[in-house]
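Taken together, the values in this text are just the output of simple stated rules run on the coordinates, not laboratory data. Computed from a predicted structure; not experimentally measured. Because the Cβ atoms are built from the backbone with ideal geometry, glycine has one as well, and the counts that use them run over all protein chains shown.
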């Protein structure tokens, strides 16, 4: 399917591996020029090489508000503008209420909420002026169903979801859409770090298998497409049906 976005320019945060890498790859396959970032030069240059000639590697740490702003500025300079923004970052440490120090919440909010808000502040005005834009945030199924022992992630990503929904409504009619994707268990480095026995985790999923990052990337690319112009303010789970709620 032609997604109608060939020639567009995308900034995909935290894209040296996992779901960020898969999303950047899918966008590049659709003809989009992609600026991808990581804190590690060697890893992001290897990722850009794997994506292909449409990828530009940037060394930026998006774990803070300032880092989010810097990433969009660097992507804009490298590509000449940003039409598509994919907000993404690594996850905070594990822990529950009893084991999590108060200071950890501030760091988690920087990592998984404020950095993405900063990216939006840097990218959305240009999109609005151009009359076209896509913002897609990669959050977590924890937004709809909090995950045990991930209190920091549950809290920060829920806060970001509230911001994204509000922004989406404020941008109605401008040609700019704002949505988020809520991944469940996928075969990523983050998953392997969180689950001591990935095979057992996969067996517990109704689908009987974990998601493939490449499949997630294709979903993300479609949300960025011209065909998805009437999809706005949605928080869509990509979890193989594991979420059991009605809403």
*asked:* Binning at 10 angstrom from zero up to the longest distance, how are the C-alpha pair distances of the range 78-118 distributed in percent?
replied: 24, 40, 22, 10, 3
*To two decimal places, what compactness ratio does the range 1-137 give when its Cα radius of gyration is scaled by 2.2 N^0.38 Å?*
1.06
_Within the chain, helix-based [θ] at 222 nm, where runs of 4 or more DSSP H residues each add -39,500 (n - 2.57), nearest 500_ = -13500 deg cm²/dmol
*Which ordering of 161, 174, 23 is given by a fewest-first count of other beta-carbon atoms within 10 Å?*
174, 161, 23
*Hey, what did the chain get for relative contact order, percent, Cα under 8 Å, at least 6 apart?*
21 percent
*Return the ratio Rg/(2.2 N^0.38 Å) for the range 65-183, where Rg is computed over Cα atoms only.*
1.10
*Quick one: 1, 119, 210, 127, fewest Cβ neighbours within 10 Å first, how do they rank?*
1, 210, 127, 119
*In what sequence do 222, 71, 97 fall when counting other Cβ within 10 Å, fewest first?*
97, 222, 71
*Please find, in a Gaussian network model of the chain (springs between Cα atoms separated by less than 10 Å), the residue of 160, 231, 79 whose mean-square fluctuation is greatest.*
231
*Please state, as a whole number in µm²/s, the translational diffusion coefficient that the Stokes-Einstein equation yields for the range 23-78 at 37 °C and 0.692 mPa s, with Rh defined as the Kirkwood radius across alpha carbon pairs.*
291 µm²/s
_Of the candidates 154, 96, 88, which one comes out as most mobile in a Gaussian network treatment of the chain with C-alpha springs shorter than 10 Å?_
96
_Past the 35 angstrom mark, what percentage of all C-alpha to C-alpha distances in the chain do you count?_
8 percent
